[in-house]
Amino acid sequence: MSIARVLPSLRTRAASLLNTIQFTHPPNCPCHGVPNHPHHKQHNEMASLLGGVAGKFGGRRFASPAGLHTGEREYAFEMAASSIRFGPGCTREVGMDLANLGAQNVLVLTDPNIAELPPMLTAIEALEASNINYTIFKDVHVEPKDTSVKAAIAFAKNSPKPFDAFLAVGGGSVMDTAKIVNLYTTYPDADFLDFVNAPLGKGLPITKKLAPLICIPTTSGTGSETTGTAIFDLTTAKAKTGIAHRALKPTLGICDPLNTRTMPPQVHASSGLDVLFHALESYTAIPYNTRTPRPANPVLRPAYQGANPISDVFSLQALKMTVKYLPRAVRDPDDYEAQEKMLLGATLAGVGFGNAGVHLCHGMSYPISGNNKSYRHADYSVPNPLIPHGVSVAVTAPAVFAFTAASNPDRHREAAEIFGIDTTNVPDEAVGEKLGEGIKKFLGELGGQPMGLKGLGYTRGDVERLVEGTLPQRRVLMLAPGMKEPGTEREREDLAGLLERSLEY
């Protein structure tokens, strides 16, 4: 009799413990963390009753191509990244790489500044040493617009002999342009908006295999050498958008720390801020298994999936490295250790956010840079006004992470500690403000950063326009924790509040 009484008690306690873990700390394991798997049907019903994770995220959806009709939550995540080679001097191997790929006619893309610098010269020497036939396109724009991207596509299409491989030598602008050129030479009859992210474009899936693409980054920022994402300004919308698909990811990223030694201090700073918030946004994005709807076919699973156990490892390490090494890289042009660590951090963050995604800082950054009136950032040799991408991302960060902290206080507390904030006696509801203070302090000590949107020339009267430019960024807004339902007035109010709190600090 006593045994009969004890066993149900143990079962009850065990079930209670499992339910607590499942619904207050959702597991990240792709096998056991499947809230909508039939085996967990009863668990899902209980979560709904308890108002746990199911209630918090049940209404959220994500930006995807047409063809997803299920209302069920995601239960799996995928990891995709380019092959990476890392080491001082490894640029010299790129000619052999292209020869090994069987390339006969290579288009090399770069920008006017990099075209005259050692990274490009070393790459060309390597091509010639391996007898690779190549053509150079050096008119890539920093922070590219659709017009400059289309010019590069036209250049490639008009070649007398089709290009069978691509090489990008430069920062994120060059690498992203090369990805798009590769795509539209594979689909020469496609309309430009066919593959552009919805709702600004059609967001069609990429079903053909693209030509080999090798990327040699010369900045420590975008991590574009690892991802299937390419970003540009859509001039008609006055906002940044892009194309995101795993098929776009480079065949190989050659990360040579020697190539970042020519970066001026503020280019180091703005590039590094992009790394910082790639890492922090992907680490704090909604969990992958709370995203809906589940794709009807695996080919439709988006690259930006939400935080997951593998991305977490890369994103967290990148965050730690950036907080430690970026100030050193900015202050001392001869601190080669810091430069090397920042390049590695950018690559790690690229793997992290390339599979988890980013959210509010990046979503709002696109109209911030796209609606620039006259701001010019130091150390950028460009003919037109420019808000570097990392600067436009960082300017809203203190407000953003004060806002998102309620979604996962533990992760935001961990981030605050990385920024040097002692949170021992800080209650969960105050963690976001503490993290925001840590970010403000970091930006101020980094130097050269506008401490709010007013420093970029914006006023309260611009907030509505910036909200309108943010709303089409569904691909990233759907990963933002704590946001109100998409397309509602409450979502607009949240965005407006964040932008207003970012005007100055």
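The values are calculated or read from the model by the stated rules, or taken from the named source; none is laboratory data. Keep in mind that this is a model prediction, so the values were computed, not measured. Ideal geometry is used to build each Cβ from the backbone, glycine not excepted, and the neighbour counts take in all protein chains shown.
Taken over the stretch 455-479, the criterion of being part of a helix (DSSP H, G or I) and surrounded by fewer than 16 Cβ atoms within 10 Å (Cβ to Cβ) is satisfied by G455, R460, G461, E464, R465. Looking across the stretch 181-223, the residues that are out of contact with any Leu (no Cβ under 7 Å at 6 or more places or on another chain), under 16 Å from L252 (Cα atoms) and polar (S, T, N, Q) come down to T218, T222.
A single entry from A399, A329, A338, A346 fulfils the requirement of being in contact with a Leu (Cβ under 6 Å, 6 or more places away or on another chain), among the hydrophobic types (A, V, I, L, M, F, W, C) and part of a helix (DSSP H, G or I): A399.
Here's the yes/no breakdown for (1) over 29 Å from A230 (Cα atoms); (2) part of a helix (DSSP H, G or I); (3) out of contact with any Leu (no Cβ under 6 Å at 6 or more places or on another chain):
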{"position": "V358", "(1), (2), (3)": "no, no, yes"}
{"position": "S365", "(1), (2), (3)": "no, yes, yes"}
{"position": "K373", "(1), (2), (3)": "no, no, yes"}
{"position": "D379", "(1), (2), (3)": "no, no, yes"}
{"position": "D410", "(1), (2), (3)": "yes, yes, yes"}
{"position": "T423", "(1), (2), (3)": "yes, no, yes"}
{"position": "E433", "(1), (2), (3)": "yes, yes, yes"}
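Looking only at residues of the stretch 288-317 that are buried (at least 24 other Cβ atoms within 10 Å of the Cβ) and over 16 Å from H359 (Cβ atoms), we find that the one that is nearest to the chain's Cα centre (by Cα) is F314.
Kindly indicate whether any position in the stretch 209-223 is touching a residue at least 40 places away in the same chain (Cβ under 8 Å) and out of contact with any Ser or Thr (no Cβ under 9 Å at 6 or more places or on another chain). No: zero hits. All of G482, G444 fail the test of being touching a helix residue (DSSP H, G or I) at 6+ places or on another chain (Cβ under 6 Å) and either surrounded by 14 or more Cβ atoms within 10 Å (Cβ to Cβ) or of a type outside the set (A, V, I, L, M, F, W, C) (or both), apart from G482. For the criterion of being touching a Cys at 6+ places or on another chain (Cβ under 8 Å) and among the β-branched types (V, I, T), T396 passes. Within the stretch 88-114, the set of residues being within 16 Å of A178 (Cα to Cα) and surrounded by fewer than 20 Cβ atoms within 10 Å (Cβ to Cβ) comprises N105, P112. Applying the set (1) modelled with pLDDT of 95 or more; (2) more than 28 Å from V467 (Cα to Cα); (3) part of a helix (DSSP H, G or I) to S282 leaves exactly one unmet item: (2). The C-beta contact set for the stretch 176-200 (first residue surrounded by fewer than 18 Cβ atoms within 10 Å (Cβ to Cβ), second residue aliphatic (A, V, I, L, M) and part of a loop (DSSP other than H, G, I, E, B), distance under 7 angstrom, 6+ apart or interchain) comprises T186/L210; T186/A211; D194/L204; A198/A63. Is it true that L234 is in contact (Cβ under 8 Å) with a residue 60 or more places away in the chain and in the same structural domain as V142 (by TED's automatic domain parsing)? Spelling it out, L234 is indeed in contact (Cβ under 8 Å) with a residue 60 or more places away in the chain and in the same structural domain as V142 (by TED's automatic domain parsing). Among the residues of the stretch 261-284, not one is over 15 Å from R411 (Cα atoms) and touching a strand residue (DSSP E or B) at 6+ places or on another chain (Cβ under 8 Å).
The residue that is surrounded by the most Cβ atoms within 10 Å (Cβ to Cβ), among those in the stretch 375-406 that are at pLDDT 95 or above and of a type in the set (S, T, Y), is S392. Selection of first residues in the stretch 285-306 that are in contact (Cβ under 8 Å) with a residue 12 or more places away in the chain and at positive phi and of second residues that are of a type in the set (A, V, I, L, M, F, W, C) and in a loop (DSSP other than H, G, I, E, B), restricted to Cβ pairs under 7 Å at least 6 apart or on distinct chains, gives the following pairs, ordered by first then second residue: G306/A285; G306/I286; G306/L479. Remark: V142 matches the filter, which requires a residue to be modelled with pLDDT under 95, at negative phi and either outside the structural domain of S365 (by TED's automatic domain parsing) or out of contact with any Cys (no Cβ under 7 Å at 6 or more places or on another chain) (or both). Taking first residues from the stretch 409-424 that are without any contact (Cβ under 8 Å) to a residue 60 or more places away in the chain and partners that are among the basic types (K, R), the Cβ contacts under 7 Å between residues at least 6 apart in sequence or on separate chains come to A416/K434; I421/K434; T423/R413; T423/K434. For the criterion of being at pLDDT 95 or above and either more than 30 Å from R331 (Cβ to Cβ) or aliphatic (A, V, I, L, M) (or both), L471 fails. Just one residue in the set L453, L466, L435 is of a type in the set (A, V, I, L, M), without any contact (Cβ under 8 Å) to a residue 40 or more places away in the chain and closer than 19 Å to H359 by Cα; that residue is L435.
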